[in-house]
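Reading through the structure tokens given below for one structure.
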Amino acid sequence: MPPKKIVAGNWKMNTDLQDAISLANTVIEGAEQMKAQAILCPPSLFLDPLVKLTAGSAIALGAQNCSFAEKGAFTGEIAASMIASVGAKYVILGHSERRTIFGEDNLTIQQKVSQALKNNLIVIFCCGETLEEREAGRVEEVITRQITEGLPTVIENPASNIIIAYEPVWAIGTGITASPAQAEEVHRFIRNLLKQQFGQIGADISLLYGGSCNAANAAELFAQENIDGGLIGGASLKAADFLTICKAFA
Ligand code: PEP
């Protein structure tokens, strides 16, 4: 099966409950003729009402993070089982903001991925290099480590349970987008890496691009052979832009 087309909106720590409901409602209203699976990833507090709001629509819900632990004395954390229990289907893990601001390393991320998979969540796994690493010619090395150390070595049905988002750190929230050729080059590399790690089924894993992807540049990025959609930050907070991006496939 060819990789599924997917567009996920990472709302980060934005919106209040009213904004979240109104943003999700506008996306639901404009959802006809979507050419990809649209996923909204609001702050976790709003997952439950938004799962109810989107019931019966084509929109799915995801969390932006989950705990590495199953349950217990971890004040302030949210377990993968809790996310699954409200009906969300996805979770973003390994985002560069989690890696840099919250100090998450590949091992912690791997534990989170395991928790998510155990609870039947589909993982949107982020990887990507900093500008310094790119300039030092270390893109492939960095991505290889993030993927081989951050993902468990054995994953049941990886094409259904894992989505990879390539997000060059220098492009996130900066307004600087990787050119379609730059993004495609890394996506091709990731595709081959996944085939090495998981065998031929690795070719069916969806690869999303993220980093200042917007309504104006999405179509050109998504036209690349190994780009199956996007993980969208800033532009996902504007319903019209997000809908345009969800429809930006040939
Ligand atoms: C992100 O944080 O996942 C992201 C892609 O952000 P932005 O689109 O704002 O660069």
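So which residues in the stretch 190-200 are buried (at least 16 other Cβ atoms within 10 Å of the Cβ) and modelled with pLDDT under 95, if there are any at all?
Those that are buried (at least 16 other Cβ atoms within 10 Å of the Cβ) and modelled with pLDDT under 95: Gln197, Phe198.
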(message) Quick check on the stretch 218-232. Is at least one of its residues part of a helix (DSSP H, G or I), crowded, with 23+ Cβ neighbours inside 10 Å and more than 12 Å from the ligand (Cβ to nearest atom)?
(response) yes
(message) Given the condition within 23 Å of Thr153 (Cβ to Cβ) and within 13 Å of the ligand (Cβ to nearest atom), answer yes or no: does some residue in the stretch 197-211 qualify?
(response) yes
(message) When you scan the stretch 13-24, do you find a residue that is of a type in the set (Ser, Thr, Tyr), loosely packed, with under 15 Cβ neighbours inside 10 Å and within 23 Å of Lys247 (Cβ to Cβ), even just one?
(response) yes
(request) Considering every residue within the stretch 165-183, establish whether at least one is in contact (Cβ under 8 Å) with a residue 60 or more places away in the chain, within 18 Å of the chain's Cα centre (by Cα), in a helix (DSSP H, G or I) and surrounded by fewer than 21 Cβ atoms within 10 Å (Cβ to Cβ). (result) no
(request) Scan (1) free of Cβ contacts under 8 Å to residues at least 40 places away in the same chain; (2) hydrophobic (A, V, I, L, M, F, W, C); (3) out of contact with any Leu (no Cβ under 6 Å at 6 or more places or on another chain) for the single condition Val7 breaks and write down its number. (result) (1)
(request) Hey, can you tell me all the residues within the stretch 62-98 that are in a loop (DSSP other than H, G, I, E, B) and among the acidic types (Asp, Glu)? (result) Glu70, Glu77
(request) Considering only the stretch 185-217, state which residues are within 16 Å of the chain's Cα centre (by Cα) and in a loop (DSSP other than H, G, I, E, B). (result) Ile205, Ser206, Gly211, Ser212, Cys213, Asn214
(message) aromatic (Phe, Trp, Tyr), more than 14 Å from the ligand (Cβ to nearest atom) and more than 19 Å from Asn217 (Cβ to Cβ): is that true of Phe125 in this structure?
(response) no
(message) Looking for something within 16 Å of the ligand (Cβ to nearest atom), under 13 Å from Asn65 (Cα atoms) and touching a Cys at 6+ places or on another chain (Cβ under 9 Å) - is there at least one such residue anywhere in the stretch 138-149?
(response) no
(request) Would you mind finding the one in Val86, Val91 that is of a type in the set (Val, Ile, Thr) and within 18 Å of the chain's Cα centre (by Cα)? (result) Val91
(request) Would you mind stating whether Leu107 is surrounded by 21 or more Cβ atoms within 10 Å (Cβ to Cβ), part of a helix (DSSP H, G or I) and aliphatic (A, V, I, L, M)? (result) no
(request) May I ask you to list the residues in the stretch 140-156 that are at pLDDT below 95 and either charged (D, E, K, R) or in contact with a His (Cβ under 9 Å, 6 or more places away or on another chain) (or both)? (result) Glu156
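Residues are listed down the side, and each one gets a yes or a no for (1) touching a Lys or Arg at 6+ places or on another chain (Cβ under 7 Å); (2) modelled with pLDDT of 95 or more; (3) among the basic types (Lys, Arg):
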site	(1), (2), (3)
Ala31	no, no, no
Gln37	yes, yes, no
Leu47	no, yes, no
Ile59	no, yes, no
(message) Within the stretch 10-24, does at least one residue satisfy the condition of being more than 16 Å from the ligand (Cβ to nearest atom), modelled with pLDDT under 95 and either in a strand (DSSP E or B) or of a type outside the set (Phe, Trp, Tyr) (or both)?
(response) no
(request) Report yes if some residue within the stretch 157-167 is more than 26 Å from Lys89 (Cα to Cα) and within 16 Å of the ligand (Cβ to nearest atom); otherwise report no. (result) no
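The values are calculated or read from the model by the stated rules, or taken from the named source; none is laboratory data. Since we're looking at a predicted model, the values are computed, not measured. Cβ sites come from the backbone with ideal geometry, for glycine too, and all protein chains shown count toward neighbours.
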